[in-house]
Each structure stands twice: as structure tokens, then as C-alpha cells.
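Undergrad: Input: one structure, supplied below.
The values are calculated or read from the model by the stated rules, or taken from the named source; none is laboratory data. Please read these numbers as outputs of a predicted model, since none were measured by experiment. Cβ atoms come from the backbone with ideal geometry, glycine included; neighbour counts cover every protein chain shown.
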Amino acid sequence: MKKLIGTILFSILFITTSFSQKGDFTLGLDYSQNNQNYIYGYDYYPYGYYYTPNINFQPRIGYFISDNIEIGLGYKSGDNEIERTYIAYNPSGIGENYNYSNKSNYSYNTYSPYLKYYKNNMFISARFSISETNNMDNNNYPIWTLDSNGVYMVTSFDNYEYKYNSKTTTTEISVGYVLSYNDKIFFEPSFSVRKEIGEVESINITTTNSENPVVTEIISPITDATHFRLNLSVSIRLGR
């Protein structure tokens, strides 16, 4: 894949035609539909299941270094925290129940520099992406103890902390067609071939009955294969 990208980039630098103007900036949004594009599904760890994301949007900014060659950077990130509230019912069936909550956090960052060459209404693009995701679940489960008065009370917690970190690198070659809405707005459907490699690090920390925590760490590779996907980009060109 790396040799293929190098050959394509080397070749397109020697092709000249007239499509855009040197110095133009672009603002864009890329949408992709994956086909057999497997990404590590941390919810099912450690069984090795994978899932296919349904929607993938990525903003980007670009610059034409010559009339038909654009360089740019795509970037997306997110951070989501979820807090769930539970009720632990008193084992005696009477008396006070216990309310408690657990938290989950998911965050990700993706950087995607790219090089794109236009010829008439066609284009070819090479992209390299670096992605990292972090997931953490912190779960406490109350422990009921019978006191000297015969009443059940919550006296301690079993704690289970799960941390998952995945790092992937992706190389991608796309071929597409340019549809102009006007001289500023362009739609660019394309088909791409991509190769993704990476690994997932899983750390489980279990603390039971206030004893010393048990730490389990596992590193697993992400499926290394060539995948295909359909893309649609919207670009706004500035500077004309």
C-alpha cells in the first residue's frame, strides 16, 4: 500500500491541467460509508468482535499549492460521559434501599492529512489518518452487611474499572468525480481503497471487598486487511 501511494503521488506531480487556482482555500465535510470496514468493538472485549460504524463525518480544511493540487487536513474529536443511576434493594425486603451511580467515558481524536489532484472533473486523493480512542467504565456495586441490630446496611463496594485504548493508522487512495453547484460549492462522490492497522490495549482493575486490586492488561491487534468504502464530500472554495 505504501509503495502504491508513493507511485501515485510521484506520478501526479508531473501532470498539469487547469481546474482551480493556486492560493484558493477550501472548507469541506467528508462523509463515508464503510464496506467490511472492521473496527475494534470494545463493548465485546475480549472475544474479538467487531462492528461497522454507520456514519462517519469529518471536517477538513485545504489549500491549493498549484492550480490543480490541494493539500489539507481533516480532523474530528469527541468526548462523551454517561452517568447511570441504579437502586440496590435491601436484601431483607424491608428497610431502606440504596441509590448509587456508575460512569462511562468515551473520547476520540482523528487527524487526516491528505493530498488531492484534480484533472477536468475527476480527482485522485491520497490520505493518511491517525486515530486514537479512549474508553473507561467505572462501576461500583454496593455490598450489604448485617449489623448487630439485624439491619442490612451498605458498608463497602466492589469496584470494577475497565479502560480501553485503541490506536490505528490508515492509508487510503480515493478516485472520484466533481459536481459543481456553482463556482464556490462542489460535491465530490468517490470510491476508496484503504488499509488499517493498529492495536487495542485493555486494562481491567478489580477491587473486591476492599482487598488489594487485581490488574489485568491485554494488548490485541486490530484486523489488518484492505477495505473499501464509498465517500461523499462537500467543499466550499474561498479566494476567487
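Undergrad: Which of the following residues is over 30 Å from residue 217 (Cβ atoms) and either without any contact (Cβ under 8 Å) to a residue 24 or more places away in the chain or in a strand (DSSP E or B) (or both): 125, 101, 129?
TA: Just one listed residue meets the conditions, 125.
Undergrad: Given the conditions (1) modelled with pLDDT under 90; (2) on the phi < 0 side of the Ramachandran plot; (3) surrounded by fewer than 13 Cβ atoms within 10 Å (Cβ to Cβ), and given that residue 99 satisfies all but one, which numbered condition is not satisfied?
TA: Of the numbered conditions (1) modelled with pLDDT under 90; (2) on the phi < 0 side of the Ramachandran plot; (3) surrounded by fewer than 13 Cβ atoms within 10 Å (Cβ to Cβ), the odd one out for residue 99 is (1).
Undergrad: Is it true that residue 116 is assigned to a strand (DSSP E or B), out of contact with any Gly (no Cβ under 6 Å at 6 or more places or on another chain), farther than 19 Å from residue 203 by Cβ and basic (Lys, Arg)?
TA: Here the answer is yes, as residue 116 does meet what is asked.
Undergrad: Now for a separate question. Given the condition farther than 30 Å from residue 187 by Cα and among the aliphatic types (A, V, I, L, M), answer yes or no: does some residue in the range 100-122 qualify?
TA: Checked against the condition, which is being farther than 30 Å from residue 187 by Cα and among the aliphatic types (A, V, I, L, M), the range 100-122 yields no hits at all.
Undergrad: Go through the range 163-191 residue by residue and tally those that are aliphatic (A, V, I, L, M) and over 24 Å from the mean Cα position of the chain (by Cα).
TA: Selection size over the range 163-191: 3.
Undergrad: Can you spot a residue in the range 121-130 that is hydroxyl-bearing (Ser, Thr, Tyr), surrounded by fewer than 16 Cβ atoms within 10 Å (Cβ to Cβ) and either under 19 Å from the mean Cα position of the chain (by Cα) or on the phi > 0 side of the Ramachandran plot (or both)?
TA: no
Undergrad: From 75, 63, 106, which residue is part of a strand (DSSP E or B), in contact with an Asp or Glu (Cβ under 8 Å, 6 or more places away or on another chain), at pLDDT 90 or above and surrounded by 12 or more Cβ atoms within 10 Å (Cβ to Cβ)?
TA: Only one candidate passes the filter, namely 63.
Undergrad: Another one. Take the residues of the range 123-174 that are touching a Lys or Arg at 6+ places or on another chain (Cβ under 6 Å) and of a type in the set (A, V, I, L, M, F, W, C): which is farthest from residue 232 (Cα to Cα)?
TA: Per the stated criteria, the residue is 136.
Undergrad: Might you check whether a residue that is touching a residue at least 12 places away in the same chain (Cβ under 8 Å), surrounded by 15 or more Cβ atoms within 10 Å (Cβ to Cβ), part of a strand (DSSP E or B) and acidic (Asp, Glu) occurs anywhere in the range 161-177?
TA: Looking through the range 161-177, at least one residue is touching a residue at least 12 places away in the same chain (Cβ under 8 Å), surrounded by 15 or more Cβ atoms within 10 Å (Cβ to Cβ), part of a strand (DSSP E or B) and acidic (Asp, Glu).
Undergrad: Among (1) free of Cβ contacts under 8 Å to residues at least 40 places away in the same chain; (2) part of a strand (DSSP E or B); (3) in contact with a Ser or Thr (Cβ under 9 Å, 6 or more places away or on another chain), which single condition is residue 150 missing?
TA: (2)
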